[in-house]
Structure formats: C-alpha cells, structure tokens
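Engineer: Here's a structure for you.
The values are calculated or read from the model by the stated rules, or taken from the named source; none is laboratory data. No experiment lies behind these values; they were computed from the predicted model shown. Backbone-built Cβ (ideal geometry, glycine too); neighbour counts: all protein chains shown.
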Amino acid sequence: MMHFSKVLVANRGEIATRIFRACAELGIRTVAVYTEQDNLSLHRFKADEAYLIGEGKGPIEAYLDMDDIIEVAKRHEVDAIHPGYGFLAENAEFAKRCQQEGIVFIGPSPEHIQMFGNKVDAREMALKAGIPVVPGSPDPIRSVEEAEEFAEKYGYPIIIKAASGGGGRGMRIVPSQGELKDAIERARSEAKSAFGNPEVYIEKYLENPKHIEVQILADYHGNVVHLFERDCSIQRRHQKVVEVAPSLSLTESLRSKMCDAALNLMKKAKYSNAGTVEFLVTPDEKFYFIEVNPRVQLEHTITEMITGVDIVQSQIRISEGYALTDPEMGVPAQEDLFTHGYAIQCRVTTEDPARNFMPEAGKLVAYRSGGGFGIRLDSGSAYTGAVITPHYDSLLVKVSSWAMTYEQAARKMLRTLKEFRIRGVKTNIQFLENVVQHPVFLSGRYDTSFIDNTPELFE
Ligand code: ADP
C-alpha cells in the first residue's frame, strides 16, 4: 500500500475544492492548477500550493493541456493526480501518460476509460454481462440505409447518439423517417467536431423514462460494492438539474435488480475506482442500461449523505491500494450498507431562466447562502465580489439537503433556496424553488419529461 503525500487536482471550481477537502482530511498535501482567467477563482486558494498553467492559451485548453499539467506535477513531486469530472477525467491518453510518468491517476485504468468512453463498446459489455440495453444498433451506423433498417425495426421515434458523446451533448431525436437522412449526416459531423469521433449509433427513443443511476466503488482486490441509486430524472433538455437519492419510485425488487445489474457489470469488466452505471426505467418498470460514467459525478454528494460513505476519499484510498474491506476505508460491507433518509441536490447556476437559461457573467455584488441543519454546500467561486467569467460552465453552487423523509428534505431545500441572496448576476434559484415545491416533484413520481412538459415551472 502506498501513502500519497501530495495530490494535484487537474480541475477547477467546486469539484477541485471538494477533492482538496478529502485530501486534507487524509493528511495529504494539495496542489491546485489555475489559469489566467481563474486568477481569482477560489479553488486556487483552497490548496496548499497553486501553480499557473497554460499561459497564453485559451481558458479551456489550459485545463486540457496534459504536458503542462504533468510537468507541474513532476516539478512539484506530486504522487497522484485527481482529474475531477469533465476536462481530462475521461481521457484515456492522460491516464496512460500519468502511469508512464510514475504518477497515479486517481480513477479507473486507461483501458476502462476507453471501454466506457465509447458508448457502443459499453453497450456490448453490458450485453455480455446479461444486462438489458436500450434496443438499438449494435455497431456504429455506417450508412443511411443501415440507419433506416434499424429505425424501421425499432420504430420511430429514435435517438441518434455520438459514440463518444457526453454531458447531454451529441444526441438527436428523430421523430420520423423523413428526417433520418439529414439527422444522421448532421449528427456525424457534429460528433466529429465536438468529440473527435464521427461514430454515431441508434437507440429506440423511450417515452417518458426515469433516469436512475447506481453508484459503484471497486478496489484493486476484486471487491465491488454499490451505494444504491440516484434518481436524476429532473432534467432540462437531457441535462440533470435536480437529483434525489434514493429514488421514490422504485419498488424494492426493481431497486435490488438494478443494483445487482450494476454490480455484475462492473465485476465482469474488472473495474476499479468509483463509477456510475446509468439506466433508463420505462413506465412498465423495465430497466435498460445506457452508459457508465468512469469518474466521480457532480451528484455524488447525495449518495454520500444517505450512506455516510465519502466517495472522494474512497477514490483516493482505492488508488493507494487499500481494499474496500480495510476498516480505514470506512466503507461497510455490502450487507451492512443501507440508506438513511433522503437527500436532494439542486444545481444553482448563473443562468437567466427568462432568457432561455443563457449563462450570465458579471460581478456577484452580493452573495449570501442558505444553510442550517442537513444542508451541504459545494461551491466553486461563490462569494461577494467574485467575478463570474464567461469562460467556464455556469455552476455556481450545489445545494444538497438531507432529512429523514423526502417531504422534509424538499421543505428544507425550499427554505434554503429562499435564504439565498444573490445580486449582480441572474441565477436559476426561482426556477429551482418552483421545481421543489411542485406537486409532481413532491410525489416523487416524475420522469425525464417533467421539466420540459411543465411550463408553470418557468414562471
Ligand atoms: P450523456 O452521456 O450525454 O449524459 P446519456 O446517454 O446519459 O447522455 O443520456 C442523457 C439523457 O438523455 C438521459 O438521462 C435521458 O433523459 C435522455 N436519453 C438518452 N437516451 C435515451 C433514450 N434511448 N430514450 C429516451 N431518452 C433518452
């Protein structure tokens, strides 16, 4: 077993701070990297050391610059790099480069990143593990005729997905045959420019599914546990907005089937570190695999709240070589793991709901957050005087609430959102308040169409 003395986080914003906190609690020294544009970003000041990267480069390119980041890591004798989510987190090449340089990449192996980074390969892996996948083409689509054949077979509407897509991008719904040819051509060219890989495949577009995902932890010794599920059905245009754990709409038998399926898949794949297996669940209670995210996710917080397991610390310990069964890990055996109460997470963003959720930039003239018992805040640079730049994503703060019952957790969330005072930059807080007090939200029985089909939320 190793013990890391120093960890570099190749990321910014709230997730960088989240990881620094985990390191600090484990007695590990922390290193931040930041760009010129992030000169005043809080993550820079939350680490023990901080180094400027990507001088003269674009704000995003800088955080994607493997050479630069590895050079900083080597110069400052870093043992391991945590990539967070986004940026280099799902870049197999980066994980490999770290390995070659003798730096531990805190995440799965390059092979696993590769396998799950390609959704077509991931579907094949799921099928091998005996897990139902959304009906669709087994391989990338080679021609329009082939696409037509599959679409005919599964029936419209269908969804075209980029094999290397992610983050809600690279998907296109095709309602009928007339639009297929054009959609395939566009999807391919978009996929090439956005993800560097033109491969697209077809899935049947399921009507009103729920998005349910299972959190997994796996070590290098063959131990795998699941930390139950999150319900991420509250989405706007296929992007998660509010997440809930555990789900209110799963029967106990469906829950255990899905958790077992996720476990089996990750065991079969010989996966290691934290990962999430995502499923869609149809109204007739059938579940279908969609993808694996081989990294920590934004919504990991709510799983931590209902299980008590620190997922980021677990990632670090696993990378140090600890077994999940080691008492120091703080991860109970599967049969001793249970969920306690309910947790809800809202993604507060600097977006203007009145202008179609356009990201806003500017100075936070005032910033006061909510808080209190059962509230957790994970923020990047949210403070009075902070400048929100247009260079990065618009996530301002993740607000998570926890309580013994779902209703209490929802009321706590509403109360906390109402306590926020943010001036200078528009946010989606009013919109989130509308969501968490809506009767459908309170019933716990929502699917991925809820936001898009509920116009009163936008008032
Ligand atoms: P990404 O990797 O970009 O997040 P996913 O494959 O995870 O994309 O899908 C994101 C969301 O898109 C899902 O949660 C769901 O709302 C919707 N979606 C994806 N595939 C389908 C499908 N076959 N039928 C219906 N909705 C889908």
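Engineer: Counting just the residues of the range 185-195 that are under 15 Å from residue 169 (Cα atoms) and away from the ligand (no atom under 14 Å from the Cβ), which one comes out surrounded by the most Cβ atoms within 10 Å (Cβ to Cβ)?
Structural biologist: Looking at residues that are under 15 Å from residue 169 (Cα atoms) and away from the ligand (no atom under 14 Å from the Cβ), I get 188.
Engineer: Taking only pairs six or more apart or across chains, which ones have beta-carbon atoms under 7 Å, a first residue in the range 163-177 that is within 19 Å of residue 138 (Cα to Cα), and a second residue that is assigned to a loop (DSSP other than H, G, I, E, B) and near the ligand (Cβ under 6 Å from one of its atoms)?
Structural biologist: Filtered contacts from the range 163-177: 171/238; 173/205.
Engineer: Restricting to the range 58-91, give me the number of residues that are acidic (Asp, Glu) and under 21 Å from the mean Cα position of the chain (by Cα).
Structural biologist: The qualifying residues number 2.
Engineer: Evaluate the following for residue 198: is it of a type outside the set (Gly, Ala, Ser), modelled with pLDDT under 95 and away from the ligand (no atom under 11 Å from the Cβ)?
Structural biologist: yes
Engineer: So the check is Cβ under 9 Å with 6+ separation or different chains; which pairs have a first residue in the range 403-423 that's at negative phi and assigned to a strand (DSSP E or B) and a second one that's of a type outside the set (Ser, Thr, Tyr) and surrounded by fewer than 16 Cβ atoms within 10 Å (Cβ to Cβ)?
Structural biologist: Filtered contacts from the range 403-423: 403/373; 421/366; 421/368; 422/365; 422/366; 422/368; 423/365; 423/366.
Engineer: Determine if the range 135-155 includes at least one residue that is in contact (Cβ under 8 Å) with a residue 12 or more places away in the chain, buried (at least 19 other Cβ atoms within 10 Å of the Cβ) and closer than 22 Å to residue 236 by Cβ.
Structural biologist: Scanning the range 135-155, I find no residue that is in contact (Cβ under 8 Å) with a residue 12 or more places away in the chain, buried (at least 19 other Cβ atoms within 10 Å of the Cβ) and closer than 22 Å to residue 236 by Cβ, so the answer is no.
Engineer: Can you tell me which residue is surrounded by the fewest Cβ atoms within 10 Å (Cβ to Cβ) among those in the range 58-69 that are more than 15 Å from residue 389 (Cβ to Cβ) and in contact (Cβ under 8 Å) with a residue 12 or more places away in the chain?
Structural biologist: Among residues in the range 58-69 that are more than 15 Å from residue 389 (Cβ to Cβ) and in contact (Cβ under 8 Å) with a residue 12 or more places away in the chain, the one surrounded by the fewest Cβ atoms within 10 Å (Cβ to Cβ) is 66.
Engineer: Return yes or no: is residue 261 at pLDDT below 95, surrounded by fewer than 24 Cβ atoms within 10 Å (Cβ to Cβ) and part of a helix (DSSP H, G or I)?
Structural biologist: No.
Engineer: Name the one entry in 303, 276 that is within 21 Å of the chain's Cα centre (by Cα) and either in a helix (DSSP H, G or I) or among the aliphatic types (A, V, I, L, M) (or both).
Structural biologist: Matching residue, one of 303, 276: 303.
Engineer: Moving on to the next point. Restricting attention to the range 205-219, and to residues there that are surrounded by 22 or more Cβ atoms within 10 Å (Cβ to Cβ) and either near the ligand (Cβ under 8 Å from one of its atoms) or within 16 Å of the chain's Cα centre (by Cα) (or both), which single residue is farthest from residue 277 (Cα to Cα)?
Structural biologist: It comes out as 217.
Engineer: Specify which of the listed residues (247, 253) is of a type in the set (Ser, Thr, Tyr) and either in a helix (DSSP H, G or I) or more than 22 Å from residue 304 (Cα to Cα) (or both).
Structural biologist: Among 247, 253, only 253 is of a type in the set (Ser, Thr, Tyr) and either in a helix (DSSP H, G or I) or more than 22 Å from residue 304 (Cα to Cα) (or both).
Engineer: If I filter the range 239-255 for residues that are closer than 16 Å to residue 205 by Cα, of a type in the set (Val, Ile, Thr) and within 14 Å of the ligand (Cβ to nearest atom), do I get at least one hit?
Structural biologist: The answer is no, given that none of the residues of the range 239-255 is closer than 16 Å to residue 205 by Cα, of a type in the set (Val, Ile, Thr) and within 14 Å of the ligand (Cβ to nearest atom).
Engineer: Could you say which residue among 380, 374, 370 is at pLDDT below 95, farther than 20 Å from residue 235 by Cβ and crowded, with 18+ Cβ neighbours inside 10 Å?
Structural biologist: Values: 374 fails: at pLDDT below 95; 370 fails: at pLDDT below 95.
Answer to the selection: 380.
Engineer: Another question, if that's okay. With the requirement that a residue be assigned to a helix (DSSP H, G or I), away from the ligand (no atom under 12 Å from the Cβ) and under 23 Å from residue 286 (Cβ atoms), what does the range 122-172 give you?
Structural biologist: Result: 124, 125, 126, 127, 128, 150, 151, 152, 153.
Engineer: Just need a number here: residues in the range 173-184 that are outside any strand (DSSP E or B) and either exposed (fewer than 14 other Cβ atoms within 10 Å of the Cβ) or within 11 Å of the ligand (Cβ to nearest atom) (or both).
Structural biologist: Adding up the residues that qualify gives 5.
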